[in-house]
Structures are given as structure tokens and as C-alpha cells.
Amino acid sequence: MTAARRQRKCYRAGLSVIIGLTLAVAAISPAWQAAATERIVVAWLTGLAIDGYDPVAFYTDGKPMPGSPDFELSYGGAVWRFSNVGNRAAFAARPDVYMPQFGGYDPVGVARGVAVAGNPTIWLISSQRLFLFYDRSRLDNFAANAERIIEAAGRKWPEVQRTLSP
């Protein structure tokens, strides 16, 4: 085997390892599966907003509830799912009330000027608004400083939005 052929073979093996590790990490982390380039956090493969969870259920049931494909609504460039027809109707009438703040991006990241996809299983309703967080430590940080972070994120959000696709 020539030296050039050995080098190509080694390169291909290394590339395969990198691709395999990238796919493994993406399969493990839900935040990696969400597009961090859209104005609303949307799952890459499905086009679902907030991983298919019902945004109204956070308010009515006090917990994240998976939505059903039977109760879908397209809004803001994403497909939203709901657990029942009443929740879908409530969202259709007032999406501004039920949508997660900052398009589902973590408000701690937004306050720092960075779009970090929130996880719908790590959430908090503060000031009657739904916030999704990347991880538990960001939720704890937010809970301790909610007003300050909401204010900072509100100032940075227009700047962050300019980096996102319409």
C-alpha cells in the first residue's frame, strides 16, 4: 500500500469517527435537535414547535403534556400540537398568551445575546408567561433573578432575532 493510500484510508476512518460521535451526541441531547436559527424553536426533523408539547397545557394542567397529531395548528412557521380541541382553540384565539417567550429560546441565553434552544420539560411560568430553559441550572438562575433576566432578555431579544431566520 502506498503512503498516499494509507493517508486517505486514515482520513476516511477519522471522518467516520467524527460523524458517528456527532450523530450520537445529537441523538442524546434534545437541544441539539432543535433549530437554533428560526424565530421559534422548531424540531429539525418534524417541524414541531416545542417538541410537540401542548403550550396551553402548561397553564391548564400545570405540566408539559404531549400534543396529538389529531390536534395540530400551523402558526408562525411551525406546527403546534395540542392535547385536545379546546387547547387548540384557545391557542388559535390568543397565540401571544400561550407561546413560550422569546420563541422558546432560553431567556438566560437571550439576556446574554445568544439564541439557545429551550427544553419544554424544563420550564417555568413567571409573570403569567411561559419560559423554557436549556437546563436546570439556568432555570434556577432565572428563578432567583427573574425580573432582572426578563428585562435584560427583553432588551437583547430584538438583536438576537436579527440573527435568526424569519
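Just so you know, all these numbers are worked out from the coordinates, no wet-lab data involved. Only a predicted model underlies this, so the values are computations on that prediction, with no experimental measurement involved. Neighbour counts are summed over all protein chains in view; Cβ atoms, including those assigned to glycine, are modelled from backbone coordinates with ideal geometry.
Quick notes on this structure:
- Positive-pole candidate from Phe142, Gly104, Pro55, dipole of the range 33-162, charges at beta carbon: Phe142
- Residues in the range 57-86 that a label on Arg136 would reach, taking backbone N under 20 Å of a point 7 Å out along Cα→Cβ: 63-65
- Rounded, prolate or oblate (a/c below 1.5 giving rounded, otherwise prolate when a/b exceeds b/c) for the range 94-151 by Cα gyration tensor: rounded
- Residues with amide H under 5 Å from that of Asp135, placed H, sequence gap 5 or more: none
- Only beta bridges with both residues in the range 33-162 are counted; by DSSP, about 95 percent of them are antiparallel.
- Range of Cα positions in the range 33-162 per principal axis (Å), largest first: 38, 27, 24
- Modelled this way, with points 7 Å down the Cα-to-C-beta line, the labels at Trp44 and Tyr59 are 3.2 nm from one another.
- In order along the range 100-106, the phi-based Karplus estimate (6.51 cos²θ - 1.76 cosθ + 1.60, θ = phi - 60°) of 3J(HN,Hα) comes to x, 5, 6, x, x, 7, 4 Hz; Gly and Pro are listed as x.
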